[in-house]
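Below you'll find the structure, written out as structure tokens, and then a few comments.
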Amino acid sequence: MALDSKVPKGSIKDKWTDYKNQINLVNPANKRHIDVIVVGTGLAGGSASATLAELGYNVKSFAYQDSPRRAHSIAAQGGINAAKNYQGDGDSTYRLFYDTVKGGDYRSREANVYRLAEVSANIIDQCVAQGVPFARDYGGLLDNRSFGGVLVSRTFYAKGQTGQQLLLGAYSAMNRQIARGKIEMFNRHEMLDVVIVDGKARGIIARNLVTGEIERHSAHAVVIASGGYGNVYFLSTNAMGSNVTAGWKVHKKGAYFANPCYTQIHPTCIPRSGDYQSKLTLMSESLRNDGRIWVPKNLEDVQAIRDGKLKPTDLTEDQRDYYLERRYPAFGNLVPRDVASRAAKERCDAGYGVNATGEAVYLDFAASFERYGKEQAKIQNISNPSAAKIKELGQEIVRAKYGNLFQMYEKIVDENPYETPMMIYPAVHYTMGGVWVDYNLMTTIPGCYAIGEANFSDHGANRLGASALMQGLADGYFVLPYTIGDYLANDIRTGKIATDSPEFDAAEKEVSERINFFINNKGTHSVDYYHKKLGKIMWDKCGMSRNEEGLKTAIEEISTLRKDFWENVNVPGTASEYNEQLAKAGMVADFLELGELFAKDALVREESAGGHFR
Ligand SMILES: Cc1cc2nc3c(=O)[nH]c(=O)nc-3n(C[C@H](O)[C@H](O)[C@H](O)COP(=O)(O)OP(=O)(O)OC[C@H]3O[C@@H](n4cnc5c(N)ncnc54)[C@H](O)[C@@H]3O)c2cc1C
């Protein structure tokens, strides 16, 4: 099949406006006769559901959590980008576009990215109107901070809880439509297949996770907004439930999958602490506004720190290597994530890692305490403040900006980051790859769309910080609601889609057989046993550093592991109850297939790109 991106003709800055003026529309009376299924209620799916319902479509929304507002988007900490130029520091739509394309190693679709930059400002207005409590400066105006890979401050934020606040906004908008009956919400439902009728996506098969019942749902279009698949690595910063199933099912029914191997490795995560860990924790990139990254200059100091004979605070300035500031003076500590991650790994591989495993660098706020403290002393007219007073005043400012992140760090690591530098190391965080979509966000299955992290379109080989929330909300509030109308305009006379067709029968049968297999297999190993093994292969051979031999071995190992899984997996309990292991078995089965495609994709890319060395 030849891929047609359907990017409109014309100059890049006029494409979206011209396109919107020309596409087909569905009139309000006809929208009432059209059903749309949205799988996912994170920022992408939540905003899409609310907007499509507001427009008049009948929406059915699905989430595996017990409430839309528990979608993984809630975890987003640092902020959301928008080209508003509130700081007057030279920002513009073009600069946001340029930074995003450059940050993605020139591997994103430029027309989509320009559109993203163009609608970014509308997102902030929309969210403020919903009551999202963005941080404000002293005068009451919306505040901004900087994220990696840019030279301006364009990131809007709500302390370290931006995703949560944005999701509450989208969730409120959804709730209004749920109350009006325009959104039918299916919590605790997992989509297990897409149903294709006459070549078009016309519904899904879902499992009620509480009762185990298998259900058929029809619609005129299906939107996949199921988030990213970083958990293919087992350990990642993603929510434990994040998975690839919805995207993988549409892929298996004919939707193309793009750039599966482009994984974002985030430079500032709390290092792994041992073998019995199921989750890694992010320390937001926003911390790099005020934290400086370093390792000791001398290997003897590294060893003394590891042996507990020296503390990082004992080292003088000239005994420290602020390697990002040294290597990238223009961007300093705010280089893009891929660059910061690769540099941390390079230093640690060279033996400079500062913890017991040798996989940690410092993120140090001492200079900010001093800088802010001196400023505060001046503002408060404190003459000749002591060093302790300056530190105290500076820490108050840092606490106000990132207090919850410092608290989280202390709870996990049991060290006070106000007194000693944080230790950080790169970890799997985001997947730029995903279901291939055209300019309309439609997959290669007519009527099946993919939005948010689930699609591949905007971030190339590396996403810039604070751009995922922007993309999810751009797709859901401002792009899909237009582009889907162009397709649905042909469905105004179609009428309800029946669920008793042979296509629904076949899809349901396949889903039921797989569930029955898991329950009846009674094998010897748990689902997690396989997930962990897969994760280790992925991190060791398809992680930051990749080579031909390792990738070929990974392909073989994943295939062998998958065979073993289908012979020996053990799923306790029954199919007619709330059974987390059963749900997870399906997700891991899909990860085991995705993992192989992932390694094959990495194998044919004979280049270093994004967070990956080759
Ligand atoms: C710790 C952390 C911090 C982050 N901080 C930032 C930040 O500051 N700024 C930024 O821009 N980005 C940030 N990101 C990235 C960003 O949070 C995500 O990319 C984004 O929230 C994804 O949104 P989404 O709507 O595409 O998917 P999600 O929020 O992951 O939502 C997925 C939805 O799909 C549903 N779902 C999935 N599969 C199925 C299925 N089979 N059946 C039914 N429902 C299904 C889920 O129930 C859920 O509702 C962060 C990521 C992490 C991990």
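Only the coordinates and a few stated rules stand behind these numbers; no lab work does. Being a predicted model, the structure only gives us computed values, none of them experimental. Reconstructed Cβ throughout: ideal geometry from the backbone, glycine too, with neighbour counts over all protein chains shown.
The GluC sites (Glu not before Pro) of region 505-588 that DSSP puts in a loop, and whose beta carbon has at most 15 other beta carbons within 10 Å, are E577.
What chymotrypsin sites (Phe, Trp or Tyr not before Pro) does region 237-306 have in DSSP loop regions with at most 13 other beta carbons within 10 Å?
Within region 237-306, the qualifying chymotrypsin sites (Phe, Trp or Tyr not before Pro) (loop, at most 13 other Cβ atoms within 10 Å) are Y276.
For the charge dipole of the chain, defined by +1 on Lys and Arg C-beta atoms and -1 on Asp and Glu C-beta atoms about the Cα centroid, which residue among A239, L52, G103 has the Cα displaced farthest towards the positive pole? After comparing all options, I get L52. A Förster radius of 56 Å, combined with the Cβ-Cβ distance separating V210 from E317, puts the computed FRET efficiency at roughly 0.45. Applying 0.36 nm per residue to the separation of A489 and E419 and subtracting their alpha-carbon distance, the gain on full extension is 19.1 nm. Distance from the alpha carbon centroid of region 96-160 to that of region 1-48 works out to 22 angstrom. Of the cross-linked pairs K9/K252; K279/K541; K200/K584; K252/K532; K279/K522, those separated by over 22 Å at the C-alpha level are K9/K252; K200/K584; K252/K532; K279/K522.
Computed from label points 7 Å out along Cα-Cβ, the spacing between E577 and D198 is 4.5 nm.
For K20, the aspartates and glutamates whose Cα comes closer than 18 Å to its Cα, not counting residues fewer than 8 places off in the same chain, are E110, E118, D438, D475, D486. In straight-distance terms, cross-link reach from K309 covers every one of the lysines whose alpha-carbon lies under 17 Å from its own, apart from those fewer than eight places away in the same chain; here that gives K297. For region 412-522, the ratio of Cα radius of gyration to the globular rule of thumb 2.2 N^0.38 Å stands at 1.64. Taking the Cα centre of region 268-426 as reference, the dipole from Cβ charges on Lys and Arg (+1) and Asp and Glu (-1) amounts to some 380 debye.
Beyond 19 Å in Cα-Cα separation lie the following of the pairs K13/K102; K159/K311; K31/K496; K253/K509; K536/K600: K159/K311.
Put a dot 7 Å past the Cα of R326, heading toward its Cβ, do the same for Q380, and the two dots end up 3.6 nm apart. Spin-label model, Q22 to L142: label points 7 Å out along the Cα-to-beta-carbon direction sit 3.1 nm apart. Protection proxy ranking, highest mean first, for peptides 454-462, 52-60, 466-474: 466-474, 454-462, 52-60, where packing is the per-residue count of other beta-carbon atoms within 10 Å, averaged. Computed from phi, the 3J(HN,Hα) profile of region 344-358 under the Karplus parametrisation 6.51, -1.76, 1.60 (θ = phi - 60°) reads 5, 5, 4, 5, 5, 4, 7, x, 9, x, 9, 10, 4, 7, x Hz, with x in place of Gly and Pro. If only the Cβ of Lys and Arg carry +1 and only the Cβ of Asp and Glu carry -1, the dipole of the chain around its Cα centre is close to 940 debye.
When peptides 100-112, 213-225 are ranked by their average number of other Cβ atoms within 10 Å per residue, the highest-first order is 213-225, 100-112. Each peptide among 188-194, 231-237 gets the average number of other Cβ atoms lying within 10 Å of its residues, and from highest to lowest they stand as 231-237, 188-194.
Shape summary: the chain maps onto an equivalent ellipsoid whose semi-axes, from the alpha-carbon gyration tensor, are 41, 30, 22 Å in decreasing order. On a C-alpha basis, how far is the centre of region 279-356 from the centre of region 517-567 in Å? Whole number, if you could? Cα centroid of region 279-356 versus Cα centroid of region 517-567: 33 Å apart.
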